[in-house]
């Protein structure tokens, strides 16, 4: 594994003009080191717990709870038809109190409070902890837990993740390594998208030999409180929380066009409609996708009138709605 490039003294312009344009991961040092939340997290687990509880709106959020036997690895049971953890409904205050209470246990339950919409659950947090690299319209999401391992997975959006408390290790792989990461099921998943079947801390190379190629292309970094990491859309990332109380805030943006149609939905539709066809027909559709979607040989609309309103050019709002309704009807 290579080290993710480290950037220091990054401001808004540097992030957008120098980092994002590379479409590669970046470890950004101390980007939110002046946050009150980060300062509380550095002070002690109790301090960050009190800071968050003081703002808790007491809205119910989702918690993942795993038996001590899973050793913090949120994953599957044998057979891949069930997950190895349960879901519960708690408030953030109750959840973080539990984390602090068991922080010194030698064999604790694995607890993760996931995908917390910050502006709803902690309405004062965003104004007190301003993200300097993104437009204020991009909303923060919070993740809390104890020592845990999240299998490599991908996001359909660009991602900026900032560590508030504890340390986190990131293992990142480029999109073209998907085959070498052995993705699991698409319907039953720990977090909504397929995850790698490989245990990145104890890889079974006999069962997953191509993972050796993924390791050659992989990158890693350990983030301290205040550090951030930029992960472009579709880059696989496994995350390990290294302390007994960990807090992370991330931001998702991009990944969709102005039509707000998810490419991930399109991928699943294509898997259903094309994946089981014969090799010859799949190859023919491959040619069509290259022409219309990936535009391998240039703009497929260059021979059409520039002012034509069509999927190939630009849709009117009315056409966009008509196509959506047509697709919904076809799926039914």
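The values are calculated or read from the model by the stated rules, or taken from the named source; none is laboratory data. Keep in mind that this is a model prediction, so the values were computed, not measured. Every residue, glycine as well, gets a Cβ built from its backbone with ideal geometry; the counts of neighbours run over all protein chains shown.
Out of everything in segment 132-148 that is crowded, with 20+ Cβ neighbours inside 10 Å and out of contact with any helix residue (DSSP H, G or I) (no Cβ under 8 Å at 6 or more places or on another chain), what residue ends up being nearest to residue 39 (Cα to Cα)? Here the residue is 143.
Here residue 186 fulfils each of the conditions (1) in contact with a helix residue (DSSP H, G or I) (Cβ under 9 Å, 6 or more places away or on another chain); (2) at pLDDT 95 or above; (3) in a loop (DSSP other than H, G, I, E, B); (4) over 30 Å from residue 51 (Cβ atoms) apart from (2).
If you filter segment 69-128 down to residues that are assigned to a helix (DSSP H, G or I) and without any contact (Cβ under 8 Å) to a residue 24 or more places away in the chain, you find that the one that is nearest to residue 190 (Cα to Cα) is 69.
Does residue 234 satisfy the condition of being assigned by TED's automatic domain parsing to the domain that holds residue 158, farther than 30 Å from residue 99 by Cβ and at pLDDT 95 or above? For residue 234, the condition - assigned by TED's automatic domain parsing to the domain that holds residue 158, farther than 30 Å from residue 99 by Cβ and at pLDDT 95 or above - is met. Looking only at segment 268-294, which residues are under 29 Å from the mean Cα position of the chain (by Cα) and surrounded by 12 or more Cβ atoms within 10 Å (Cβ to Cβ)? Hits for segment 268-294 are 268, 269, 270, 274, 286, 289, 290, 292, 293.
Within segment 43-58, the set of residues being in contact with a strand residue (DSSP E or B) (Cβ under 7 Å, 6 or more places away or on another chain) and part of a loop (DSSP other than H, G, I, E, B) comprises 56, 58.
Being modelled with pLDDT of 95 or more and in contact with a strand residue (DSSP E or B) (Cβ under 8 Å, 6 or more places away or on another chain) is a condition met by at least one residue of segment 253-260.
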